[in-house]
1. Could you state the angle between the C-alpha long axis of helix 501-518 and the longest principal axis of the C-alpha atoms of the chain, as a value from 0 to 90 degrees rounded to the nearest 10?
2. Working out 0.36 nm times the residue gap between Lys327 and Val539, then minus their Cα-Cα distance, what length gain in nm do you get to one decimal?
3. Accessible area of the stretch 264-379 with a 1.4 Å probe: how many percent of it is carbon plus sulfur?
4. When the chain is fully extended, how far beyond the present Cα-Cα distance does Lys249 get from Arg349, taking 0.36 nm per residue of separation?
5. For Val441 and Leu14, FRET efficiency with R0 = 45 Å and r from the beta-carbon atoms, rounded to 0.05?
6. Mind ordering 439-451, 277-289, 53-65 by average Cβ neighbours within 10 Å, highest first?
7. Using the basic label-point model (7 angstrom from Cα toward the beta carbon), what is the Lys520 to Glu472 distance in nanometres?
8. For Lys129, give me every one of the lysines with a C-alpha distance below 28 angstrom, ignoring sequence neighbours fewer than eight places off in its own chain.
Amino acid sequence: MTQTADTILNNPFLNKGTAFTKAERQELGLTGTLPSAVQTIEEQTTQAYGQFQSKATRLEKRIFLMNLFNENRTLFYHLMDEHVVEFMPIVYDPVVADSIEQYNQLFLDPQNAAFVSVDAPEDVEATLKNAAEGRDIRLVVVTDAEGILGMGDWGVNGVDIAVGKLMVYTAAAGIDPSQVLPVSIDAGTNNQKLLDDPMYLGNRHKRVYGDQYYDVIDKFVKAEQKLFPESLLHWEDFGRSNAQVILDKYKDDIATFNDDIQGTGMVVLAGILGALNISKESIKDQKILSFGAGTAGMGIANQIMDELMQAGLTEAEAKQHFYAVDKQGLLFDDTDDLTPAQKEFTRSRSEFSNADELTNLEAVVKAVHPTVMIGTSTQPGTFTESIIKEMAAHTERPIIFPLSNPTKLAEAKAEDLIKWTDGRALVATGIPADDVEYNGVTYQIGQGNNALMYPGLGFGLIASTAKVLNSETLSAACHALGGIVDTSKPGAAVLPPVAKITEFSQKLAEVVAQSVIDQKLNKEPITSAKQAVADMKWVPEYK
Ligand SMILES: NC(=O)c1ccc[n+]([C@@H]2O[C@H](COP(=O)([O-])OP(=O)(O)OC[C@H]3O[C@@H](n4cnc5c(N)ncnc54)[C@H](O)[C@@H]3O)[C@@H](O)[C@H]2O)c1
Ligand SMILES: O=C(O)C[C@H](O)C(=O)O
Ligand SMILES: [Mn+2]
């Protein structure tokens, strides 16, 4: 095999496998290195799907798909295009969680990721450059894996979430897979199981915080912007003490967003707007309880607050609609250990006759009678039957979103929520949920996962060459999904189905790009948002 042939067959961005034509094989020195049949991508797809189906478990299915991804990106995405609903939970949440837990046992390939080490700040730029291999990178997803889903600290293993988020970007919105870069910031880990594991692949020391950590983050951002000046930077699964700090440091200067804060805020607001479309209620009449007032919980509160202010409320009036509940119970202005984000959403003890008793969710629900309850607590089963029945006794259509991931951490199951409320709850869950049959009605359950939003958001920002992302664009995006679900149907979902993710991601991208252009936030001249999005879209066909 010549050097070229070897390089091409081992390059997932160029490899076509058995689809190389006779002429291509001759030209590239591949003659005789493949079986003689020349297959179409459709034939390869059928064959690959058969292999996928022959795998017994979801983890084996994932391993098969990741091997295909490692070998031939075009074929992988062609196949995913045809089976997006089936593949999403396998390449992404929840099965990605299993692969993160078993990263070293399963390790075969670095998947073109960049591994930035807190111990080698001098190597940051070279690391990004080497991993990109001269590709024109437009999208970077970076994680330091301190807060992987709700599973805590997974060190270098967390790189799989960056890879998985990017797979969804391409499948949903059509970003060219050769223009993306997953990045792991290996700052060490406080996960003792990993530190004790002789096969652990990351830096074997406690997690680094403070100046040393922020210096590496800053070196990373500077190198990333220098090497890929047209790129969008997406932050994923950072810990509660760093996520907001990092976002605030960079959000006014570069095109960037934090998915757990902003992507989640968007999908929850879109879901609430969908629910209110069904119940015909106004957002101004809602009492919103965030259970788990961390990165996601406070991102959600801020996005809903923006919406209330657009509806005419002052900031102080809008804040009166929120009840933030964390480990301490309802958060009051005098509660100890509040995060900066929590301080914005506290209540006063004088509002309640039994303030000192409001230390658990049940007591708070009894005292407040929320109409909307969002779970981002990482605490499984905490939306109990008695709590849900209490909530549902005081509101006709309770809006209940148990969002903690993966499956084993969800605050409740969709099926139970429908049953306990006699079909009145308007539900969205973090991971995909099956339809629920109850009293002759089929309830469709929306997936309240930021995967519904970040691909369209990110793609729209990239296509419009956005300088920054601001609240105006975020708000426009939250409203973009309206009208996709037929809310007149009994049992309708509050969010559009994943089966339509390519369709609504495109719409979302166009709305985002239009908002960027309207605000003159585009770096390069663009006349049509729709055209810019169409021009950027990659399709999984061999070139
Ligand atoms: N569906 C989605 O799109 C989506 C998006 C982001 C996060 N999430 C999920 O939300 C969860 C939280 O993620 P995060 O990034 O906000 O993490 P985080 O660590 O920033 O926040 C979790 C919060 O829950 C609180 N908490 C822990 N135990 C509690 C208890 N017993 N009662 C009340 N609160 C408690 C913590 O103190 C913390 O403030 C995770 O499971 C994650 O998978 C889902
Ligand atoms: O990754 C997901 O499935 C959603 C979200 O970003 C999370 O952290 O749970
Ligand atoms: Mn996340």
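The values are calculated or read from the model by the stated rules, or taken from the named source; none is laboratory data. Given the structure is predicted, the values throughout are model-derived calculations rather than measurements. Every residue, glycine as well, gets a Cβ built from its backbone with ideal geometry; the counts of neighbours run over all protein chains shown. Quick note on the areas: whole protein, heavy atoms, side chains included, nothing else; ligands and nucleic acids left out. Shrake-Rupley method; radii C 1.70, N 1.55, O 1.52, S 1.80 Å.
1. Roughly 80 degrees between the two axes.
2. On the way: separation 212, 0.36 × 212 = 76.32 nm, distance 4.62 nm.
Result: 71.7 nm gained on full extension.
3. Details: 2080 of 4560 Å².
Here it works out to 46 percent.
4. 32.7 nm
5. Working: r = 51 Å, r/R0 = 1.13.
Calculated value: 0.35.
6. Going from most to least packed, we get 439-451, 277-289, 53-65.
7. Each label point lies 7 Å from its Cα, and together they span 1.0 nm.
8. In chain and number order, the partners are Lys16, Lys165, Lys206, Lys219, Lys222, Lys226, Lys249, Lys251, Lys467, Lys523, Lys537, Lys543.
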